[in-house]
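A short write-up of the structure that comes next.
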Amino acid sequence: IFSVGVLLLYIDMIIGTAIVACDKQNALAVLSFCAIFINIGLNFLMIPMAHANTGNGGIGAAIATIVTEFFMLVACVFILPRKIFDSGEPGIIYKSIASGVLLIASLLLLERMLPEWNWMVQGAIGGAAYVGCLLIFRIFSPSELTIILGLIDPRNLKKLLNSGVSNA
């Protein structure tokens, strides 16, 4: 259950960075302050309720986190300037969502078909399927691909490691 809250948290962090980049950090601070009280109130209600119904109060805390992060997501979208949503290719959102759905489907399929495989192997295969979908759907621009390939180039990694050793 909590994994949904973590996913929303990751999205909120990206949107929060965009809000700060748009110089709207004061609005984000006020929103975050409100979220504290929403989360505390929901935890106060949900933990005893979940404990009474399932014997596990942690489920209530996870649900409270999901609701709080969803509140932050919706509220943060309203803080962002409208022009942010006008730029870029509209289909990129749908392609990214489709890639994520295919990732989840591949992980579920691998777990069902090959339960004896280590979860890390399944995750690596699912991750490769996700990256493959991103490439097939052409999510990345040519300049972004150049940057990504530069980051994973073993020669660049060696230079980075050597520069870290020489600075120590």
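The values are calculated or read from the model by the stated rules, or taken from the named source; none is laboratory data. Just so we're clear, the structure is a prediction, and the values are computed from it rather than from any experiment. Methodologically, a virtual Cβ is constructed for each residue, glycine included, from the backbone with ideal geometry; neighbour enumeration extends over all protein chains shown. Note: accessible area is taken over every heavy atom of the protein model, side chains too, but ligands, DNA and RNA are not part of it. Shrake-Rupley method; radii C 1.70, N 1.55, O 1.52, S 1.80 Å.
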Can you give me the solvent accessible area of CYS34 with a 1.4 Å probe, rounded to the nearest 10 Å²? 60
Positive-end residue, the chain charge dipole about Cα centroid, Cβ charges, pick of ILE148, VAL4, GLY41: ILE148
Considering only protein heavy atoms, what per residue accessible area in square angstrom results for the chain with a 1.4 angstrom probe? 71
Give the accessible area for ILE147 in Å² (nearest 10); use a 1.4 Å probe, count only protein heavy atoms, and leave out ligands, DNA and RNA. 110
For ASN56 paired with ASN26, estimate the spin-label separation in nm (one decimal), with each label point 7 Å from Cα along the Cα-to-Cβ line. 4.5
Share of the chain's accessible area from carbon and sulfur, percent, 1.4 Å? 74
Using the Kyte-Doolittle scale, which helices in the chain average at least -1.0 and also have C-alpha atoms spread 18 Å or more along the helix axis, with helices defined as whole DSSP H runs? 2-21, 25-54, 57-79, 91-113, 119-136, 154-167
Within region 60-83: backbone nitrogen closer than 11 Å to the ALA18 label point (7 Å, Cα to C-beta): 76-83
Label points 7 Å out from Cα along the Cβ direction at PHE33 and LEU108: separation in nm? 4.2
Probe 1.4 Å, all chains present, heavy atoms only: ASP23 accessible area in Å², nearest 10, is 110
For region 1-153, with the dipole built from +1 on Lys and Arg beta-carbon atoms and -1 on Asp and Glu ones, taken about the Cα centre, which of ILE139, ALA61, PRO81 lies farthest toward the positive end? PRO81
Treating only the Cβ atoms of Lys and Arg (+1) and Asp and Glu (-1) as charged, compute the dipole magnitude of the chain about its Cα centre; round to the nearest 20 debye. 300
Over the chain: Kirkwood hydrodynamic radius from C-alpha pairwise inverse distances, Å: 19.5
Within region 54-139: Cβ-based charge dipole about Cα centre, in debye rounded to nearest 20 (Lys, Arg +1; Asp, Glu -1): 240
What relative contact order, as a whole-number percentage, does the chain give when Cα pairs under 8 Å and 6 or more residues apart are counted? 21
For the pair LEU45 and LYS95, the simple spin-label estimate (label points 7 Å beyond Cα toward Cβ) gives in nm 4.1
